[in-house]
Amino acid sequence: MLAILATDMTSGEETEKFFSPWRKKARKVFEAFGWLAVLLLIFVLMSSLFDRVGFMINAFSQEVANPEAVFNAFDIRYFQHFVTVWSHLILGFIVLVCAPFQFIPAVRKHWISFHRWNGRVWLICGAITAFTGAFIGIVWPFTGHQGFGLVQSAINALIGPYILFCLYKAYSNIRARNFGAHREFMIRSFALMLGVGTQRVLTTIIIPLTGLGLESLFGPAMGLGMVINILVSEAWIQLTRTPGNGNRHWRDLDTV
Ligand code: HEM
């Protein structure tokens, strides 16, 4: 009896909190700014992706007898480890194209089989992108395994497995028909992927402001980019988690 009362109270409190007018308003504002930020980060990542693809095409269209003489410490790893790099770039591109559709309610509502197939493609490409990205960062940091290179390795060793964990939880939860938890882990994994975009925004702002080099900023900016995206995505998850088992979508409840 006591347990039932406690459950009722909790769900009553949860419901009241969820439907409070300021939270409803906050969801609207957050959603609009969230989409703007997502589109900006996709644009940033696409730009650096095409830039790197241009570099790869250029690098392999010339005769290179001595790579050390031709490329700097940053670029040479891309030339030497081209299979890992191409996998990272191509599958990263697919992730960026597939991911936004998964968060559009009309797509889920009207084209559910597209949502399922697109989701599978994203999970597989996302896992390989995270694995190859973390692999490059851990094994071949461009300043070597000391000082800031070690920071880059350590951050990738934390982030890579965490992204894989989030992708796995997203998959296992949807298999168990836990829609709310599935949604939350998909948001987390996408936010982490976009963390590398936030890193690039940070380096673009901080380098001219401070005069620091990419060698010292690359690792710390990646860590900071990930922390920012994790905090923002957790705030969004808290704001939109629906009462009860969380399986109903916040938008459906807001329009009631
Ligand atoms: C949508 C996903 C992603 C895209 C589009 C993407 C894109 C890129 C691009 C273009 C580069 C080449 C470096 C540059 O020219 O700026 C790169 C390198 C790299 N990426 Fe990603 N990436 C993605 C996801 C990730 C994730 C999830 C991680 C972390 C686990 C990661 C870690 C790295 C690392 C460590 C490098 C090498 C940096 C270096 O040169 O030392 N990437 N990525």
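Within the bounds of region 88-106, is there any residue that is touching a helix residue (DSSP H, G or I) at 6+ places or on another chain (Cβ under 7 Å) and modelled with pLDDT under 95?
yes
Within region 64-85, count every residue that is within 11 Å of the ligand (Cβ to nearest atom), aromatic (Phe, Trp, Tyr) and assigned to a helix (DSSP H, G or I).
Residues meeting the conditions: 1.
Which members of region 92-104 meet the condition of being within 15 Å of the ligand (Cβ to nearest atom) and either more than 19 Å from residue 185 (Cβ to Cβ) or β-branched (Val, Ile, Thr) (or both)?
92, 93, 94, 95, 97, listed by residue number.
For a quick check of your reading of the model, give me the residue pairs whose first member lies in region 190-209 and is without any contact (Cβ under 8 Å) to a residue 12 or more places away in the chain and assigned to a helix (DSSP H, G or I), whose second is within 11 Å of the ligand (Cβ to nearest atom) and of a type in the set (A, V, I, L, M, F, W, C), with beta-carbon atoms closer than 8 Å and at least 6 apart or on different chains.
Correct list of pairs: 207/214.
Filter region 236-256 down to the residues that are part of a helix (DSSP H, G or I) and touching a residue at least 24 places away in the same chain (Cβ under 8 Å) and list them by number.
Result: 236, 237, 239, 240, 250, 251, 253, 254.
Those residues that are more than 9 Å from the ligand (Cβ to nearest atom) and either in contact (Cβ under 8 Å) with a residue 24 or more places away in the chain or crowded, with 19+ Cβ neighbours inside 10 Å (or both), I need them from region 129-142; list them, please.
None - no residue of region 129-142 is more than 9 Å from the ligand (Cβ to nearest atom) and either in contact (Cβ under 8 Å) with a residue 24 or more places away in the chain or crowded, with 19+ Cβ neighbours inside 10 Å (or both), so the list stays empty.
Is it fair to say residue 207 is out of contact with any helix residue (DSSP H, G or I) (no Cβ under 6 Å at 6 or more places or on another chain), among the β-branched types (Val, Ile, Thr) and within 20 Å of residue 31 (Cβ to Cβ)?
Taking the combined requirement at face value, the residue does not satisfy it.
Okay, residues lined up against (1) surrounded by 17 or more Cβ atoms within 10 Å (Cβ to Cβ); (2) under 26 Å from residue 35 (Cα atoms); (3) within 10 Å of the ligand (Cβ to nearest atom); (4) under 21 Å from the mean Cα position of the chain (by Cα):
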| site | (1), (2), (3), (4) |
| --- | --- |
| 106 | no, yes, no, no |
| 111 | no, yes, no, no |
| 120 | no, yes, no, yes |
| 144 | no, no, no, no |
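I'm trying to understand the selection: among the residues of region 32-47, which are within 12 Å of the ligand (Cβ to nearest atom) and within 15 Å of residue 101 (Cα to Cα)?
38, 42
Specify which of the listed residues (52, 23) is surrounded by 10 or more Cβ atoms within 10 Å (Cβ to Cβ), of a type in the set (D, E, K, R), touching a residue at least 40 places away in the same chain (Cβ under 8 Å) and touching a helix residue (DSSP H, G or I) at 6+ places or on another chain (Cβ under 7 Å).
23
The values are calculated or read from the model by the stated rules, or taken from the named source; none is laboratory data. Computed from a predicted model, the values in this text were never measured in an experiment. In this analysis, Cβ positions are derived from the backbone assuming ideal geometry, glycine residues included, and neighbour counts consider all displayed protein chains.
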